[in-house]
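S.K.: Sharing a structure here in structure tokens format.
The values are calculated or read from the model by the stated rules, or taken from the named source; none is laboratory data. Here the structure is a predicted model, which means the values were calculated and not measured. In this analysis, Cβ positions are derived from the backbone assuming ideal geometry, glycine residues included, and neighbour counts consider all displayed protein chains. These area figures cover heavy atoms from the full protein model, side chains too; ligands, DNA and RNA do not enter into them. Shrake-Rupley method; radii C 1.70, N 1.55, O 1.52, S 1.80 Å.
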Amino acid sequence: MSEQDFIPKSYTNSIEKGSFAWSSPSNIALVKYWGKKNDQIPENPSISFTLNNCKTITKLSFSKKEHNDDFSFEVFLDNEQKDDFKPKIQTFFKRIERYLSFLKAYHFKIETSNTFPHSSGIASSASGMSALALCLMSLEKELVNIDSTLNADEKSLDEEYFIQKASFLARLGSGSACRSLEGDLVVWGKHDSIEGSTDLYGVKYPYKVHENFKNYQDTILLVDKGEKQVSSTVGHNLMHDHPFAQERFKQAHNNLSKLSSILKKGDLDAFIALVESEALTLHAMMMTSMPYFILMKPNTLEIINKIWNYRKATDSKICFTLDAGANVHVLYPENEMKNILEFINNELVEFCQKGQYINDKIGFGAKQL
Ligand code: DP6
């Protein structure tokens with residue numbers, strides 16, 4: 001698939017108004033995306049677990065308008081009008097207009113809500129942008145003349161195209177969003193030994209994964225729910241003149257190769273070492289940018305040390321990862337759930353803001369509602 005394949009030919013159907021709704025989950029990267037080129041092309045490949053419980057639910061209502069001169073839309077979060085979301089969506093629409101030529105022909109009402117607490121510091125951009133991209137694709141699907149004579153193989157190709165293009169569009173909203181449509185592991189970014197991987201959209205990890213990783217758990221400890229001082233977009237851009245950038249991009253390629261063999265063998269110790277190193281490397285890149293910045297908080301480090309001590313003392317396979325913020329994702333196999341939740345309640349909750357955390361686990365992607 002190339003970018004050209006996502007430019008629509010012509011729309012043969014006409015539709016006055018209607019609505020579509022999708023729920024789409026968040027995801028947590030194991031090998032991190034940090035650094036991008038123009039048009040949201042990642043500097044290195046990444047892979048993530050799709051989450052199950054942290055989701056955005058978006059309803060897109062549309063009605064034909066008279067003039068096609070500009071975008072027209074309104075946004076609501078939990079039934080409240082949110083004009084401060086508009087610039088991000090306006091930018092998104094501008095970027096995807098080339099691929100969805102109907103965008104200026106409609107007025108849109110975007111109603112969205114998250115299953116996780118608002119301003120929990122959990123990025124809603126991955127779930128939010130993927131849900132919106134899917135709603136827009138549902139509309140495109142209606143506008144394209146669906147050929148009812150398609151056989152089963154052709155229909156499945158049609159479905160594949162739908163998801164690929166939705167992921168392609170979501171990427172243009174927020175890079176990591178393109179990994180939220182499917183599950184349970186998604187790769188984004190060209191990697192020589194992962195078949196089908198591409199910089200343009202996320203693909204399901206195509207190889208065998210050991211039972212050890214089935215139903216893997218992720219408890220998200222909410223350490224700091226405040227607004228981030230430095231956005232991901234600014235952080236990505238600081239990789240342009242970063243002294244360690246090229247080595248980091250190489251390392252991500254190598255780590256993804258190593259992770260493939262870890263996933264196949266079910267080697268939990270190697271998984272822990274790789275995932276924790278990726279999380280700390282991400283933050284090390286932030287600390288060595290110019291200007292430099294730190295998104296971890298003292299309690300992030302308290303939690304990391306507690307996890308390391310617990311692992312030493314118990315032989316548990318618990319580990320942590322971080323995204324671009326202070327919250328800690330605690331990852332562990334399902335069979336340790338009882339003990340680890342006890343450990344979290346006894347020893348980690350005190351480092352969470354208002355004692356808050358979210359229990360999540362690996363999930364299987366977005367759903368149309
Ligand atoms: C640290 O996808 O939020 O979570 O493309 O600028 O919207 P934009 O950035 P975003 O960056 C996420 C970075 C990360 C790592 C990851 O998810 O791979």
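S.K.: It is to be established whether one or more residues within segment 21-32 are assigned to a strand (DSSP E or B) and open to solvent by 60 Å² or more (accessible area, probe 1.4 Å).
M.R.: no
S.K.: Among the listed residues I89, I15, I47, which satisfies the condition of being at pLDDT 95 or above, surrounded by 13 or more Cβ atoms within 10 Å (Cβ to Cβ) and either more than 16 Å from the ligand (Cβ to nearest atom) or in a strand (DSSP E or B) (or both)?
M.R.: I47
S.K.: For segment 92-119: of the residues being in contact with a strand residue (DSSP E or B) (Cβ under 6 Å, 6 or more places away or on another chain) and within 16 Å of the ligand (Cβ to nearest atom), which is most open to solvent (accessible area, probe 1.4 Å)?
M.R.: Per the criteria, the residue is N114.
S.K.: List every residue pair whose Cβ atoms sit under 6 Å apart, with the two residues 6 or more apart in sequence or on different chains, where the first one lies in segment 75-100 and is more than 15 Å from S125 (Cα to Cα) and the second, anywhere, is of a type in the set (S, T, N, Q).
M.R.: Listed pairs, sorted by first residue: D78/S113.
S.K.: Then there's this: For I122, work out the one condition from (1) modelled with pLDDT under 95; (2) surrounded by fewer than 22 Cβ atoms within 10 Å (Cβ to Cβ) it doesn't fulfil.
M.R.: Exception for I122: condition (2).
S.K.: Here's something else I'd like to know. Got a number for residues in segment 217-238 being surrounded by fewer than 20 Cβ atoms within 10 Å (Cβ to Cβ), part of a loop (DSSP other than H, G, I, E, B) and within 13 Å of the ligand (Cβ to nearest atom)?
M.R.: Of the residues in that region, 3 qualify.
S.K.: Continuing with the same structure: Return yes when K36 is open to solvent by 10 Å² or more (accessible area, probe 1.4 Å), within 11 Å of the ligand (Cβ to nearest atom) and in contact with a strand residue (DSSP E or B) (Cβ under 7 Å, 6 or more places away or on another chain) and no when it is not.
M.R.: yes
S.K.: Before we move on, is F320 of a type in the set (F, W, Y) and either free of Cβ contacts under 8 Å to residues at least 60 places away in the same chain or over 24 Å from S232 (Cβ atoms) (or both)?
M.R.: Taking the combined requirement at face value, the residue satisfies it.
S.K.: Continuing with the same structure: If we scan segment 181-190, do we find a residue that is more than 9 Å from the ligand (Cβ to nearest atom), basic (K, R) and within 24 Å of L100 (Cα to Cα)?
M.R.: no
S.K.: Additional query: Could you tell me how many of the residues in segment 195-216 are outside any loop (DSSP other than H, G, I, E, B) and either touching a Pro at 6+ places or on another chain (Cβ under 7 Å) or charged (D, E, K, R) (or both)?
M.R.: Counting residues in segment 195-216 that are outside any loop (DSSP other than H, G, I, E, B) and either touching a Pro at 6+ places or on another chain (Cβ under 7 Å) or charged (D, E, K, R) (or both) gives 3.
S.K.: Okay, next question. Can you tell me which of K65, K59 is buried (at least 17 other Cβ atoms within 10 Å of the Cβ) and touching a residue at least 24 places away in the same chain (Cβ under 8 Å)?
M.R.: K59
S.K.: Please enumerate the residues belonging to segment 310-369 that are touching a helix residue (DSSP H, G or I) at 6+ places or on another chain (Cβ under 6 Å), farther than 24 Å from T58 by Cβ and within 16 Å of the ligand (Cβ to nearest atom).
M.R.: The answer is F320, T321, L322, A326, V328.
S.K.: Would it be correct to say that F6 is closer than 20 Å to A131 by Cβ, in contact with a helix residue (DSSP H, G or I) (Cβ under 7 Å, 6 or more places away or on another chain) and not β-branched (V, I, T)?
M.R.: Yes: the conditions hold for F6.
Conditions tested, residue by residue: (1) part of a strand (DSSP E or B); (2) modelled with pLDDT of 95 or more; (3) surrounded by 18 or more Cβ atoms within 10 Å (Cβ to Cβ).
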residue	(1), (2), (3)
A313	no, yes, no
T321	yes, yes, yes
V330	yes, yes, yes
E336	no, yes, no
I340	no, yes, yes
I344	no, yes, yes
V349	no, yes, no
K354	no, no, no
N359	yes, yes, no
